[in-house]
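Read through the structure below, which is laid out as structure tokens, and then see the notes.
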Amino acid sequence: MAKQFVNRPLYLQLRDALVQKIAGGDWRPGTAIPNEADLAVDFGVSAGTMRKALDLMEAERLVTRKQGRGTFVNDPTADGLAVRFSNIRNADGHRIAGDVEVGSIVQAPATDGEIGHLRLRRGDEVYRVQRFRSHNGRLYMVEDAALPAALFPGLLQQPSLGNRIVVLARHWGVLLGRSQERVSISHPEKEITDALGCPAGAFVLSLDRVVFALDGRPIEWRVGYCQLADEQYVAEMA
């Protein structure tokens, strides 16, 4: 099987093949995958190459290795992973995703902005999802999100799945990669300031974020309008 890995570094193409086991549902969240030695034999590669591929998958939060127990597929909707795209922290410094309510979901042709952020073609359709995030009973963010409709077929019939990108991704077998977020100050529409309890024309924190699949495709463009109280925005730099 190793002869199939010819164009990219061997460990990267091996990682791609292992990822497909997760994306295709062969390896389900929470289950143990075959041990490293068996996988190396199955794929016809060295133990070192297999270890390097698994190390990368662990860094990408796809799997977790437990000493003496094996390697397990991560559940992206588990609390520790579900908040990884949020830089909002509570007073104790812990990331929060908030309690999320879906306000509306509509399907429509993509606008120029949606085409640019999601790398779509003119005529492609998106789902537009409005979400409301609360923490300790107080609304702190109103979100307007756009997602490629072709990637999440049938979302209109299952609107509750639209509350979090990690839930959407797991349901449709999309593996999440990185995100990119831009922070600015803006004057949102009156409907949003009213929902946040701000005076009309007030300045609020604007979080413009794109979430990418593991293969680099942008899968959600979200602009969140925040009115923070005890919460805080924290960006980590290394």
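The values are calculated or read from the model by the stated rules, or taken from the named source; none is laboratory data. Predicted, not measured: the structure shown is a model, and the values here were computed from it. Virtual Cβ from ideal backbone geometry, glycine too; neighbours counted across all protein chains shown.
Could you tell me which residue of region 89-106 is farthest from Ala145 (Cα to Cα), considering only residues that are part of a strand (DSSP E or B) and β-branched (Val, Ile, Thr)?
Among residues in region 89-106 that are part of a strand (DSSP E or B) and β-branched (Val, Ile, Thr), the one farthest from Ala145 (Cα to Cα) is Val100.
How about region 183-196: which of its residues are under 19 Å from Gln232 (Cα atoms) and exposed (fewer than 12 other Cβ atoms within 10 Å of the Cβ)?
Passing the criteria: Ser184, Ile185.
Checking the structure you have, find out if any residue of region 52-70 is at pLDDT below 95, more than 29 Å from Phe203 (Cα to Cα), in a strand (DSSP E or B) and under 20 Å from the mean Cα position of the chain (by Cα).
yes
Would you call Met50 over 25 Å from Val166 (Cα atoms) and either surrounded by fewer than 18 Cβ atoms within 10 Å (Cβ to Cβ) or among the aliphatic types (A, V, I, L, M) (or both)?
yes
Looking at (1) surrounded by 15 or more Cβ atoms within 10 Å (Cβ to Cβ); (2) assigned to a helix (DSSP H, G or I), find the lone condition where Arg84 falls short.
All conditions are met except number (2).
Show the residue pairs meeting these rules: Cβ distance below 6 Å; 6+ apart or different chains; first residue within region 22-34 and in a loop (DSSP other than H, G, I, E, B); second residue of a type in the set (Lys, Arg).
Trp27/Lys21
Consider Val19 carefully, then state whether it is under 23 Å from Gly216 (Cβ atoms) and of a type in the set (Val, Ile, Thr).
Yes, satisfied.
Tell me which residues, restricted to region 107-130, are free of Cβ contacts under 8 Å to residues at least 40 places away in the same chain and part of a strand (DSSP E or B).
Ala108, Pro109, Glu125, Val126, Tyr127, Arg128, Val129, Gln130
Which numbered condition trips up Ala91, out of (1) within 17 Å of Leu176 (Cα to Cα); (2) touching a residue at least 60 places away in the same chain (Cβ under 8 Å)?
(1)
Okay, residues lined up against (1) surrounded by fewer than 16 Cβ atoms within 10 Å (Cβ to Cβ); (2) within 24 Å of Asn163 (Cβ to Cβ); (3) not assigned by TED's automatic domain parsing to the domain that holds Tyr225:
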| residue | (1), (2), (3) |
| --- | --- |
| Asp16 | yes, no, yes |
| Gly44 | yes, no, yes |
| Leu54 | no, no, yes |
| Ala78 | yes, yes, yes |
| Arg95 | no, yes, no |
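Looking only at residues in region 187-238 that are aromatic (Phe, Trp, Tyr) and closer than 28 Å to Asp16 by Cβ, which one is modelled with the lowest pLDDT?
Phe212
Among (1) charged (D, E, K, R); (2) in a strand (DSSP E or B); (3) without any contact (Cβ under 8 Å) to a residue 40 or more places away in the chain, where does Asp144 come up short?
The number of the failed condition is (3).
Conditions: (1) modelled with pLDDT of 90 or more; (2) surrounded by 12 or more Cβ atoms within 10 Å (Cβ to Cβ); (3) out of contact with any strand residue (DSSP E or B) (no Cβ under 7 Å at 6 or more places or on another chain); (4) under 25 Å from Asp75 (Cα atoms). Trp27 meets all but one. Number of the miss?
Condition not satisfied by Trp27: (3).
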